[in-house]
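A short worksheet on the structure shown next.
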Amino acid sequence: MAKTIQRDEASQMDPVRAAQEAQLSHDPTLRRFAASRQELAADPYRPLYHFVSPEGNLNDPNGLCFWQGRWHLFYQAFPPANPRPHWGHAVSDDLVHWRDLPYAITPGPEEACWSGSTLVEDDRVIAMYHGHQLGNMVAVASDPLLLDWEKVTGTTVLPNPCPIWTRTAGGEPMRGVRGNPVPPGAINFVYDPCIWKKEGAYYSISGGALPHGPSGRRIRAEFLFRSRDLATWEYVHPFLEGDIFGLVGDDGACPYFWPIGDRHILLHFSHMSGGHYLLGDYDVGHDKFVVTHGGRFTFGAWYLGGVHAPTATPDGQGSVIALFNINPAKPTPGWNQIMSLPRRLTLLGRDELAVTPAGDIESLRYDHRHVAAQVLPANREVVFDSVQGKAVEVAVEIDPRNAQMVELNVLRAPGREEFTRIAFYRHRGYVDWQRSDGWARFRESRDSLIVVDTSYASELPDVESRAPETAPVYLVPGDRLKLRVFVDKSVVEVFANDRQCVAVRVYPGREESAGVSLRAQGADAALCGLDVWQMHTIYE
């Protein structure tokens, strides 16, 4: 819903933005968006504070960036009147409250505008994305609200099939920069580009795969290209070196390559196994990403209510801000996917990430309820009748003591007919030998596990079932379990000890499924404190 610009605020704007705001105040597309948001708000599963497209479906988030004091989020949008993918557009001052803007990039001559990234320069923003049926495209904008985009050359700059991956008349593979041969049998199309700049030249990696992995199956790859003018690109070589952290069958779609701390991170999406990241070092002399560690953002199938693809950008303070789209698990007429909350990724040591909520999420809180410290008796569920809600933030701290497992239930029906279970298993994960000193610290070197189980989240027959999400999280010996759980109508997003985040879609069928409970298994645990806030909508 479009924000109303107050007179004193408008008087302080530069003339170009003031003219844009005046034009937007009468924009028919934004009026249609506002009406659509109002109509769709009646859907009981439509989130209040996770971004959802104003009309129609959405898919991958794209091109997150910070330009002239504001955050811009783009995403694959499907306008009902022309359901070919466009780049939808929203802007925010705080990464939490989003304001709809008109569609940013529309298809033509490409059949559809698929995924890509942005690069912010001093005087403009560059978007590089995949134009379906043509290849990778480049567009630029320099206006205050990034409303006016111009496509470089008017058509693709890296066509499909990519000519550098064809063979010469003599049957020899074409050669790229520095005489590097293109890998034999490489997939001969480009998609989902990421763009950055180094030493006056533009670089782009394009998602893809190599087909000659184990047993002839594909393995993920990112193909590197270089340009001086954004219009003409030359092939360099495969970008990844030493990547042993993927699954056989993965690909490297939706890549985002950015510095993080004193290293680099590559976020991407696999059409087989969902969201991933790689940590490593950027060898600028050889233009290679030397990978030293890998991890996941999706801990099960990406479809049927799972986390999908990323968009990411540096925050200017050494961290990276990332958002993901999360898939549906139930038909919802008029809309489907949603965005995750923004996550701040920060480097911990050499090969570990901190994962925390980003943006001014606390500004959404109201009607605070607190539950004081108390013992959680073994094998007995403790229900807190004073704290309930379907759009809430729950913050809880627990000392597991000797309990075999502790669990937090949300969206719980009074008779437990429906509930979403968040379980913690201390030191029940894999051993990390880099943390251990032989067998002496075997137990302390193991990861713990955070599980989000939706097996009993809904009684509705059209909700597609999903196996529990099970993610590793390392707790330093002596640490208590600290959870921030964001429940928002049809999504549950769990941040654990600032080191892990797990998110899934849920669809409780009972109106009364809004309760909160805790349970310790096998032995007593201690609740150190539990706080619940109701959450405002981000569109008002």
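The values are calculated or read from the model by the stated rules, or taken from the named source; none is laboratory data. What you see is a predicted model, and the numbers here were worked out from it, not measured in a lab. Every residue, glycine as well, gets a Cβ built from its backbone with ideal geometry; the counts of neighbours run over all protein chains shown.
Remark: residue 389 matches the filter, which requires a residue to be on the phi > 0 side of the Ramachandran plot and among the small types (Gly, Ala, Ser).
Restricting attention to region 53-63, which residues are surrounded by 22 or more Cβ atoms within 10 Å (Cβ to Cβ) and in contact with a strand residue (DSSP E or B) (Cβ under 7 Å, 6 or more places away or on another chain)? 53, 54, 58, 60, 61, 62, 63 - these are the residues of region 53-63 that are surrounded by 22 or more Cβ atoms within 10 Å (Cβ to Cβ) and in contact with a strand residue (DSSP E or B) (Cβ under 7 Å, 6 or more places away or on another chain).
Scanning region 280-311 for residues that are surrounded by fewer than 23 Cβ atoms within 10 Å (Cβ to Cβ), among the aliphatic types (A, V, I, L, M) and in contact (Cβ under 8 Å) with a residue 60 or more places away in the chain returns 284, 301, 304. Note on region 477-511: residues that are farther than 19 Å from residue 391 by Cβ and of a type outside the set (A, V, I, L, M, F, W, C) amount to 9. State whether the residues of region 88-97 include one that is over 19 Å from residue 358 (Cα atoms) and either assigned by TED's automatic domain parsing to the domain that holds residue 154 or touching a Lys or Arg at 6+ places or on another chain (Cβ under 6 Å) (or both). For region 88-97, residues over 19 Å from residue 358 (Cα atoms) and either assigned by TED's automatic domain parsing to the domain that holds residue 154 or touching a Lys or Arg at 6+ places or on another chain (Cβ under 6 Å) (or both): absent.
Note on region 467-489: residues that are farther than 30 Å from residue 43 by Cα, of a type outside the set (Gly, Ala, Ser) and either buried (at least 17 other Cβ atoms within 10 Å of the Cβ) or modelled with pLDDT of 95 or more (or both) amount to 7.
Counting only strands (runs of 3 or more DSSP E) that sit completely within region 256-332, those holding 3 or more residues that are within 12 Å of the chain's Cα centre (by Cα) and not polar (S, T, N, Q) correspond to 263-270, 274-283, 307-314, 320-326.
Listed here are the strands (runs of 3 or more DSSP E) enclosed by region 343-426 that have at least 3 residues being in contact with a helix residue (DSSP H, G or I) (Cβ under 9 Å, 6 or more places away or on another chain) and free of Cβ contacts under 8 Å to residues at least 60 places away in the same chain, and there are none.
Each residue in region 128-144 was checked for being within 19 Å of residue 69 (Cβ to Cβ) and among the small types (Gly, Ala, Ser), and 2 of them qualify. Taking (1) in contact with a His (Cβ under 8 Å, 6 or more places away or on another chain); (2) modelled with pLDDT of 95 or more in turn, residue 184 satisfies each apart from (2). State all residues of region 370-381 that are surrounded by fewer than 17 Cβ atoms within 10 Å (Cβ to Cβ) and either within 14 Å of residue 527 (Cβ to Cβ) or among the small types (Gly, Ala, Ser) (or both); if no residue qualifies, say none. Once the filter is applied, which keeps residues that are surrounded by fewer than 17 Cβ atoms within 10 Å (Cβ to Cβ) and either within 14 Å of residue 527 (Cβ to Cβ) or among the small types (Gly, Ala, Ser) (or both), region 370-381 yields 370, 372, 373, 374, 375, 377, 378, 380, 381. Please list, ordered by first then second residue, the pairs with beta carbon atoms under 7 Å, 6 or more apart or interchain, first in region 16-41 and within 18 Å of residue 335 (Cβ to Cβ), second loosely packed, with under 15 Cβ neighbours inside 10 Å. Between residues of region 16-41 that are within 18 Å of residue 335 (Cβ to Cβ) and residues that are loosely packed, with under 15 Cβ neighbours inside 10 Å, the close pairs are 40/334. Residues that are under 22 Å from residue 395 (Cβ atoms), within 27 Å of the chain's Cα centre (by Cα) and modelled with pLDDT of 95 or more occur in region 425-445; there is at least one.
Residue 431 meets all of the listed conditions (1) touching a Phe, Trp or Tyr at 6+ places or on another chain (Cβ under 9 Å); (2) touching a residue at least 24 places away in the same chain (Cβ under 8 Å) but one, namely (2).
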